[in-house]
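Colleague: Just passing along the structure, written as structure tokens.
Read the figures in this text as sums done on the coordinates, not as results from a lab. Just so you know, these numbers come straight off a predicted model, no measurement behind them. Heads up, the Cβs are rebuilt from the backbone with ideal geometry, glycines too, and the neighbour counts pull from every protein chain shown.
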Amino acid sequence: MEPPLDNTKKTLKTALIISILVNILLASVVLSNLDRPKTQSDQYESLIFQNQNLTKTINSMKQELTLLENQLSYYKSQADYYSRLSRSNGTANFGISGKSQINIVAVRTVSGSMGELVYEGIIMTVHLELREGEGRLLINTEPKIGIDLQTSANTAILVAEELTNQSLKTTDVILTVIADSETEILDGPSAGAALTVALLAAINDETADPSILMTGTINPDGSIGKVGGLIEKALASARFDAKQFLVPYEQSVAVVYKTEETHPAPGLTIITTKPELIDIEDYIRDEGYELDIIEVNNIVEVYDSVILEG
């Protein structure tokens with residue numbers, strides 16, 4: 001049986017191809033009607049409207065496909081690693097107690113002005129608690145939040161054990177994720193780096209700077225993996241009054257899809273899209289905010305950047 005993400009990826013690609021073909025068909029219909037009387041202007045306007053909606057749908061599907069491809073790559077790497085892993089970090093006589101808090105940035109879908117789905121960055125707060133227990137991972141959300149943190153949190157535990165040389169086999173890790181409303185999150189794995197920082201802070205009894213936000217998956221070797229939705233996450237961070245936004249290496253630039261309108265004949269409008277590479281920090285500045293975008297490679301580098309002194 002094929003993995004669900006593979007099926008989703010194939011479905012999205014098929015839908016994207018169908019949408020493009022329909023878009024081309026609509027343009028052909030319009031061109032074939034150019035020589036008809038202008039009394040059909042209402043029909044032209046209807047076709048133009050449909051063309052615009054299809055263009056928005058295609059852009060939305062391209063963005064979702066990118067997010068899903070990033071998640072698929074992440075889950076494959078985790079599956080490969082855990083299939084070979086036999087956790088033998090030794091035993092701990094006593095569990096560890098500690099608490100920490102960190103903000104995480106994610107992407108969700110919301111309804112746009114024309115009813116289409118658009119993407120929006122969201123800031124949520126994670127409260128992490130360590131208690132003496134049986135090595136369990138417990139995840140709560142307030143209110144109901146559709147977010148997958150299980151794989152990322154398990155990897156965060158593995159990395160934290162390695163970096164601190166302390167076993168969490170007799171410690172329960174409790175995560176409580178708090179948002180301002182019920183929501184469905186598209187890229188839970190991108191919170192992996194932040195969860196690892198929170199875990200290390202709880203073990204070391206230190207505090208993370210709330211003005212520094214981050215996005216990135218966490219890999220078993222402690223490296224930070226790539227994610228999607230950088231523009232939306234950076235904008236949400238800027239509106240949150242963050243001073244820095246940490247992103248995976250080589251992701252301080254992002255691809256956006258811009259629309260262009262052409263008018264080859266009176267009454268005819270054709271809308272096309274093309275990808276464009278933009279600097280995220282420049283984009284945020286153009287939106288009226290100041291936010292430093294900083295690329296990071298590994299969790300040690302991230303931790304050193306966000307932990308408050310003293």
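Colleague: What pairs in K144/K274; K99/K243; K169/K243 have C-alpha atoms more than 30 Å from each other?
Modeller: The pairs that break the limit, which is 30 Å between Cα atoms, are K144/K274; K169/K243.
Colleague: Can you list the residues of region 130-151 with backbone N under 14 Å from a point 7 Å past the Cα of T207, pointing along Cα to Cβ?
Modeller: What the label zone holds, given the 14 Å backbone N cut-off, is no residue at all.
Colleague: Within 10 Å of each residue's Cβ, count the other Cβ atoms and sort K233, K99 from fewest upward.
Modeller: So the ranking, lowest neighbour count to highest, is K99, K233.
Colleague: Let me ask something else about it. Sorting S100, S190 on the 10 Å Cβ count, fewest up front, what's the list? Could the numbers behind the result be given before it?
Modeller: Values: S100 21, S190 31.
With the sparsest Cβ surroundings first, the list reads S100, S190.
Colleague: Could I have the simple spin-label model distance between Y257 and H127, label points 7 Å from Cα toward Cβ, reported in nm to one decimal?
Modeller: It works out to 4.0 nm between the two label points.
Colleague: What's the exposure ranking of F245, F94, going from fewest to most Cβ atoms within 10 Å? Intermediate results must be reported in sequence, preceding the final value.
Modeller: On the way: F245 26, F94 8.
Least to most surrounded, the residues fall as F94, F245.
Colleague: Placing unit charges on C-beta atoms (Lys and Arg positive, Asp and Glu negative, everything else neutral), compute the dipole magnitude of region 100-220 about its Cα centre in debye, rounded to 20.
Modeller: 140
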